[in-house]
Each structure stands twice: as C-alpha cells, then as structure tokens.
Amino acid sequence: MDSAGGAEGSDLYKKVYFIKRPKVGEELTTLLKNKFKAIDAIRDLISWLEEGRDFMVGLNDWTPPEEDGQERKIAISPWLPAAENHRNAMDVIASIIYWLDTGRDFDITFTPTKRFEVNLN
C-alpha cells in the first residue's frame, strides 16, 4: 500500500473531504481543521488537473434550506477544452471558498473516471 491508501502503482479510487459546522466550544479548532481540509481539496484539484486526470468533482451542500442534498457534479478531463477545464476548476474552488466562508456543512469528492476514453472506443 502507498501513502494514499491504494495499492502501489494503481490509481486512487476516490477522495472525500467532509466539512462540518463546529459544535459549541469547538469553533476555533473546527474552523482550522476545515480550512486545512479545504486547502487540501483545492491543492488536490489543481494537482489532478495538471496531471491530466479524467475525474468528476462532486460538491454536496448539506446545509438547510438545501434539504434535497442534491450533489453538483463537475467534469475535469484531458478530453475537454482547456478553457472549459479551467472554468470548471475555478467554479469548484469558488464554491469551496464560498461555502467555507458561510459556515456550511458540505462534502467534496474526487472520483476518477474513464468516461471520455470509453466514449472514444
């Protein structure tokens, strides 16, 4: 096993970051943890984009009144035009920063896909 939790030489299957609102008395600690998680997610997004990975980003806002809990899925792929990939990445980063600043409960998932490669064959 490598440090990312997958078998050596294999792709990472999925990354998930949970950002939760703090409980009373744990505000500063939780705020710091959430900022580190958000920075890690943004760093991984940029890293995966630069590596040319084909993946989906799932953004799920759990804060009411968004009670339907519907997940936004955003594609990042070497098969998409560079401008679209950069726009999608900026949308993800902007959502993470906005939701973090407004104190929402949300999660971020990075799921590798081979969606575009499959469609080419």
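The values are calculated or read from the model by the stated rules, or taken from the named source; none is laboratory data. Worth saying up front: this structure is predicted, and the values here are computed from it rather than measured. Every residue, glycine as well, gets a Cβ built from its backbone with ideal geometry; the counts of neighbours run over all protein chains shown.
For region 17-121, the helices (runs of 4 or more DSSP H) that sit wholly inside it and include 3 or more residues that are modelled with pLDDT of 90 or more are 27-51, 82-101. Out of region 41-90, which residues are farther than 14 Å from F106 by Cβ, touching an Asp or Glu at 6+ places or on another chain (Cβ under 8 Å) and among the polar types (S, T, N, Q)? Matches in region 41-90: S77 only.
Which ones in region 76-116 are of a type in the set (A, V, I, L, M) and either touching a residue at least 40 places away in the same chain (Cβ under 8 Å) or crowded, with 18+ Cβ neighbours inside 10 Å (or both)? I76, A89, V92, I93, I96, I97, L100, I108 - these are the residues of region 76-116 that are of a type in the set (A, V, I, L, M) and either touching a residue at least 40 places away in the same chain (Cβ under 8 Å) or crowded, with 18+ Cβ neighbours inside 10 Å (or both). Filter region 35-61 down to residues that are without any contact (Cβ under 8 Å) to a residue 60 or more places away in the chain and aromatic (F, W, Y) and give me whichever is surrounded by the most Cβ atoms within 10 Å (Cβ to Cβ). The extreme case among them is F55.
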